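Engineer: First the structure, then my questions, so here it is.
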C-alpha cells in the first residue's frame, strides 16, 4: 500500500517517531508511572504510585520537615516555660502595690488641718457621727451585759465584772471589722469593702426591725407576725437578740468608716511610687516580649511545616490522578 492510501495517523506516527529520537526519556516518577501502566491491578498500582510520590516528597522536603519537627518540639517546651514565666511575673506584678504610703508633709504637696479649721458641715458630721458611734458601742455592750445577767448564770451574778469584760467584745469586734480595710491597699477594693459593710448593716437593720415588730407588737397587736414567719416565740427572741447584736456591731464599723472618711479629707496620706512594682513591671514586660518572639517563631515554623505537608499531599494527589488518566487512556487505546 502506498503512503498516500495509508490513514493520516499511520503516516504521521513514523514521522513523529523519526522527529523525536533525541528527546530525553522520562525520568523520575514519570518514568516510574509509565512502567506501572503494565500493572494488571489499577488499585494496587495507584497505591504504589502514591507511595513513590511520597518518596519523591521525602527526597525534596524531608530534611526541612524533619528539622522543623525537631525545632518545633524544642520551641514547644520553650513556649510552655516562657508562658509560665509570664504568668508568674504577672502575678507578682498584680500582688505588688503601685504606690506605698508615706507620711504627709508640705514638701509632698500634702496638707493637714486641725479640727477647728475644718468646714462647718464636716465638723458637724464628725461630732454627730462620733456621738452616734459612742451610743452604738455602749448600747451593744449593754445589750450583751444585760443578756448575760438575764441568763441567771451564777458566775455572772456573783462576778459581774466578767459579764462586763465579755460585753466589751462587741465594740472591740466593731473596731476590728473596720480596721480590716487598712489591709486592703487597692482604693477600689477598699471602697467596695466599705459599701459592703453598709449593705450588710442595712440588711441587718431590716431583719432586726421585722423581729422587733414580731416580739413587741405594741398597739398594733392585730398584725400577727408570728403566724407570718411561722416561728416560735423562743426562736424569735433568740433571733432578735442575735440580729440586734449584729446590727450594733456593724453600725459601729460603719460609723468608724464614716469618721475615717471625713478625717482623711484633712489628713490625707501621701503616696510614692513603689520601686518593687516598677521592677516587677519591667520584668513582666521583658518576659512578655520574649514570649511573643517565641510565639511568633513557633507560629512561623509551624505554618511552614503545614505548608510542606500540604504541598506533599497535593503532589501525591496530582501524580495519582495523572497515573489514573494515563491508565485510562491506555485502556481506551487497546479497546
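Yes/no matrix, rows are residues, columns are (1) at pLDDT below 85; (2) outside any helix (DSSP H, G or I):
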residue	(1), (2)
25	yes, yes
30	yes, no
34	yes, no
48	no, no
53	no, no
64	no, no
83	no, no
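Engineer: Which condition number in (1) surrounded by fewer than 19 Cβ atoms within 10 Å (Cβ to Cβ); (2) within 22 Å of residue 94 (Cβ to Cβ); (3) touching a helix residue (DSSP H, G or I) at 6+ places or on another chain (Cβ under 9 Å) is the one that residue 265 fails?
Structural biologist: Result: residue 265 fails condition (2) only.
Engineer: Let me ask something additional. Look through the stretch 85-108, keep the residues that are in a loop (DSSP other than H, G, I, E, B) and out of contact with any strand residue (DSSP E or B) (no Cβ under 8 Å at 6 or more places or on another chain), and return whichever of them is modelled with the highest pLDDT. Don't jump to the end; show me each part of the working.
Structural biologist: We begin by selecting, within the stretch 85-108, every residue in a loop (DSSP other than H, G, I, E, B); these are 96-98, 103-108.
With out of contact with any strand residue (DSSP E or B) (no Cβ under 8 Å at 6 or more places or on another chain) added as a condition, the list becomes 96-97, 106-107.
On the way: 96: 84, 97: 79, 106: 44, 107: 45.
For the stretch 85-108, the residue satisfying everything is 96.
So that you can scan it fast, the table gives a plain yes or no per residue for (1) at pLDDT 75 or above; (2) part of a helix (DSSP H, G or I); (3) in contact with a helix residue (DSSP H, G or I) (Cβ under 8 Å, 6 or more places away or on another chain); (4) surrounded by fewer than 15 Cβ atoms within 10 Å (Cβ to Cβ):
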| site | (1), (2), (3), (4) |
| --- | --- |
| 140 | yes, yes, yes, no |
| 147 | no, yes, yes, no |
| 177 | yes, yes, yes, no |
| 182 | no, yes, no, yes |
| 203 | yes, yes, no, yes |
| 208 | no, yes, yes, no |
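Engineer: Scan 259, 278 and give me the residue that is exposed (fewer than 14 other Cβ atoms within 10 Å of the Cβ) and over 30 Å from residue 72 (Cα atoms).
Structural biologist: Details: 259 fails: exposed (fewer than 14 other Cβ atoms within 10 Å of the Cβ).
That would be 278, the only listed residue that is exposed (fewer than 14 other Cβ atoms within 10 Å of the Cβ) and over 30 Å from residue 72 (Cα atoms).
Engineer: Those residues that are in a helix (DSSP H, G or I) and loosely packed, with under 13 Cβ neighbours inside 10 Å, I need them from the stretch 310-335; list them, please. Before the answer, list the steps.
Structural biologist: Going residue by residue through the stretch 310-335, those that are in a helix (DSSP H, G or I) are 310-334.
Scanning the stretch 310-335 gives 310, 314, 317, 318, 321, 325, 328, 329, 331, 332, 333, 334.
Engineer: Look through 298, 284 and report the one residue that is in contact with a helix residue (DSSP H, G or I) (Cβ under 6 Å, 6 or more places away or on another chain), buried (at least 16 other Cβ atoms within 10 Å of the Cβ), touching a residue at least 12 places away in the same chain (Cβ under 8 Å) and within 17 Å of residue 69 (Cα to Cα).
Structural biologist: Working: 284 fails: within 17 Å of residue 69 (Cα to Cα).
On inspection, the qualifying residue turns out to be 298.
Engineer: Same structure, new question: Could you tell me whether any residue of the stretch 265-277 is more than 30 Å from residue 38 (Cβ to Cβ), free of Cβ contacts under 8 Å to residues at least 24 places away in the same chain, part of a helix (DSSP H, G or I) and touching a strand residue (DSSP E or B) at 6+ places or on another chain (Cβ under 9 Å)? Break it down stepwise before answering.
Structural biologist: Looking only at the stretch 265-277, we keep the residues that are more than 30 Å from residue 38 (Cβ to Cβ), and these are 265-277.
Subsequent filtering for residues that are free of Cβ contacts under 8 Å to residues at least 24 places away in the same chain retains 275.
Next, from what is left, pick out any that are part of a helix (DSSP H, G or I): 275.
Imposing the further condition that a residue be touching a strand residue (DSSP E or B) at 6+ places or on another chain (Cβ under 9 Å) reduces the set to 275.
Yes, the stretch 265-277 has at least one match.
Engineer: Please enumerate the residues belonging to the stretch 36-46 that are part of a helix (DSSP H, G or I) and within 17 Å of residue 329 (Cα to Cα).
Structural biologist: At the first step, the residues of the stretch 36-46 found to be part of a helix (DSSP H, G or I) are 36, 42-46.
Matches in the stretch 36-46: 36, 42, 43, 45, 46.
Engineer: Exactly one condition in (1) more than 30 Å from residue 264 (Cβ to Cβ); (2) exposed (fewer than 15 other Cβ atoms within 10 Å of the Cβ) is not met by residue 94; state its number.
Structural biologist: (1)
The values are calculated or read from the model by the stated rules, or taken from the named source; none is laboratory data. Since the model is a prediction, treat every value here as computed from it, not as a measurement. Positions of Cβ are generated from backbone atoms using ideal geometry, with glycine treated the same way; all protein chains shown enter the neighbour counts.
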